[in-house]
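Working notes for the structure below.
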Amino acid sequence: LLDIGCGWGTLVTYAAKNYGCDATGCTLSVNQAAFGTERIKTNGVSADKARIICSDYRDLPAGKGAYNKIVSLEMAEVRVP
């Protein structure tokens, strides 16, 4: 699962903890990435199951098929072309 514009990492944490999926979130905010990473740890989810990356989604290192589900709950609302 890739959550583009993951904010505070709520969906990433929830998906990894409750559904066992491998979840990655990306955000441009250093503060949100740090908070989300701590949230993942606090919820007992291992770093190999969930992570928050501070990066523009267009710069994520990923080859074809790296993610089988991509979501964007809020980022699309604020994205300016």
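The values are calculated or read from the model by the stated rules, or taken from the named source; none is laboratory data. This structure is a prediction, so every number in the text was calculated from the model and none was measured. Note: ideal-geometry Cβ built from the backbone for every residue, glycine included; neighbour counts use all protein chains shown. Heavy atoms of the whole protein, side chains included, go into the accessibility calculation; ligands, DNA and RNA do not. Shrake-Rupley method; radii C 1.70, N 1.55, O 1.52, S 1.80 Å.
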| What is the count of Lys pairs in the chain whose alpha carbons sit under 19 Å apart, if the two are 8 or more places apart or on different chains? | 5
| remark: The longest stretch of the chain containing none of the trypsin sites (Lys or Arg not before Pro) that sit in a DSSP loop with at most 11 other Cβ atoms within 10 Å is 1-63
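Using heavy-atom solvent-accessible surface (probe 1.4 Å) with all chains present, what is the largest-first order of 45, 30, 71? If you can, show how the numbers build up before the last one.
Details: 45 15, 30 105, 71 45 Å².
Descending accessible area places them as 30, 71, 45.
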| remark: Rounded to the nearest 10 degrees, the helix 30-42 long axis (Cα) sits at an angle to the longest Cα principal axis of the chain of 20 degrees
| note | Out of 34, 10, 66 - ranked by how far each Cα lies towards the positive end of the dipole of the chain, with unit charges on the beta-carbon of charged residues - the top one is 66
| Which value at 222 nm does the chain reach when only helices count, each DSSP H run of 4 or more adding -39,500 (n - 2.57), with the total divided by all residues and rounded to the nearest 500 deg cm²/dmol? | -9500 deg cm²/dmol
| note | Mean-square fluctuation maximum in Gaussian network of the chain, Cα pairs under 10 Å, restricted to 44, 25, 63, hits 63
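Would you work out the relative contact order for the chain, in percent, from Cα pairs under 8 angstrom that are 6 or more residues apart?
On the way: 144 pairs, mean separation 31.5, N = 81.
With pairs under 8 Å counted, the relative contact order is 39 percent.
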| remark: Rounded to the nearest 10, the angle in degrees between the Cα long axis of helix 10-19 and the longest principal axis of the Cα atoms of the chain comes to 50 degrees
